[in-house]
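The values are calculated or read from the model by the stated rules, or taken from the named source; none is laboratory data. If you're wondering where the values come from, they're calculated on a predicted model, not measured in any experiment. Note that we place each Cβ from the backbone using ideal geometry, even for glycine, and neighbour counts take in every protein chain shown. We work out accessible area using only protein heavy atoms, side chains counted, and drop any ligands, DNA or RNA first. Shrake-Rupley method; radii C 1.70, N 1.55, O 1.52, S 1.80 Å.
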Amino acid sequence: MDKDELCKQVLELDSRIRFAGLINENGRLVAGGMKPGFKSLEDSRDDEMLYMELVLRAKMRKEFDKVLGPVKFAMSYRDMLIIMSFPVNDNILLISVEKDIDFSKLPFKILEIINH
């Protein structure tokens, strides 16, 4: 699936999804972004740091793939929002959502889109 189309389909799943973007192995946003009408909670320099930290964490998680199996998604529940990440080939799909979303179902809907 096209990278931009993937991000678009994820953004359309729920009005409370703020951001859907693909981050490459160098920590750069290569597709997607903030949904129109939402404002980023951090400045662009912080975005870059978040992306690089996300890539580092994803690489570190791979160390346990042989024992535990590959990661399907990871989630951080924060004071301001929820952040989810999904490995997609050599990239990471980063999602940020409002806290009032049903986060027990959303990741599995996103996995359906990724695996389709």
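Under the condition of being β-branched (Val, Ile, Thr) and not in a loop (DSSP other than H, G, I, E, B), which residue from region 57-105 is most open to solvent (accessible area, probe 1.4 Å)?
Restricting attention to region 57-105, the residues satisfying the condition of being β-branched (Val, Ile, Thr) are 67, 71, 82-83, 88, 92, 95, 97, 101.
Add one more test, that the residue is not in a loop (DSSP other than H, G, I, E, B), and what stays is 67, 82-83, 88, 92, 95, 97.
Working: 67: 120, 82: 0, 83: 29, 88: 20, 92: 18, 95: 0, 97: 0 Å².
My answer is 67.
Just one of the numbered conditions (1) in a helix (DSSP H, G or I); (2) modelled with pLDDT under 95 is not true of residue 108; which one?
Against the list (1) in a helix (DSSP H, G or I); (2) modelled with pLDDT under 95, residue 108 comes up short only on (2).
With the requirement that a residue be surrounded by fewer than 18 Cβ atoms within 10 Å (Cβ to Cβ), under 15 Å from the mean Cα position of the chain (by Cα) and more than 22 Å from residue 100 (Cβ to Cβ), what does region 1-16 give you?
Listed by number, the residues that qualify are 3, 4, 5, 8.
Scan 19, 38 and give me the residue that is in a loop (DSSP other than H, G, I, E, B), of a type in the set (Phe, Trp, Tyr) and surrounded by 11 or more Cβ atoms within 10 Å (Cβ to Cβ).
After ruling out the rest, the residue left standing is 38.
Scan region 7-31 for residues that are at positive phi and modelled with pLDDT of 95 or more and report the count.
Here the count works out to 0.
Does residue 50 meet the test of being among the aliphatic types (A, V, I, L, M) and assigned to a helix (DSSP H, G or I)?
So residue 50 fits the description; yes.
Given (1) part of a helix (DSSP H, G or I); (2) within 14 Å of the chain's Cα centre (by Cα); (3) more than 25 Å from residue 101 (Cβ to Cβ); (4) not β-branched (Val, Ile, Thr), where does residue 27 come up short, assuming only one miss?
Of (1) part of a helix (DSSP H, G or I); (2) within 14 Å of the chain's Cα centre (by Cα); (3) more than 25 Å from residue 101 (Cβ to Cβ); (4) not β-branched (Val, Ile, Thr), only one is false for residue 27: (1).
Mind telling me which of the residues 34, 80 ends up being touching a strand residue (DSSP E or B) at 6+ places or on another chain (Cβ under 7 Å) and free of Cβ contacts under 8 Å to residues at least 40 places away in the same chain?
Residue meeting the stated conditions: 34.
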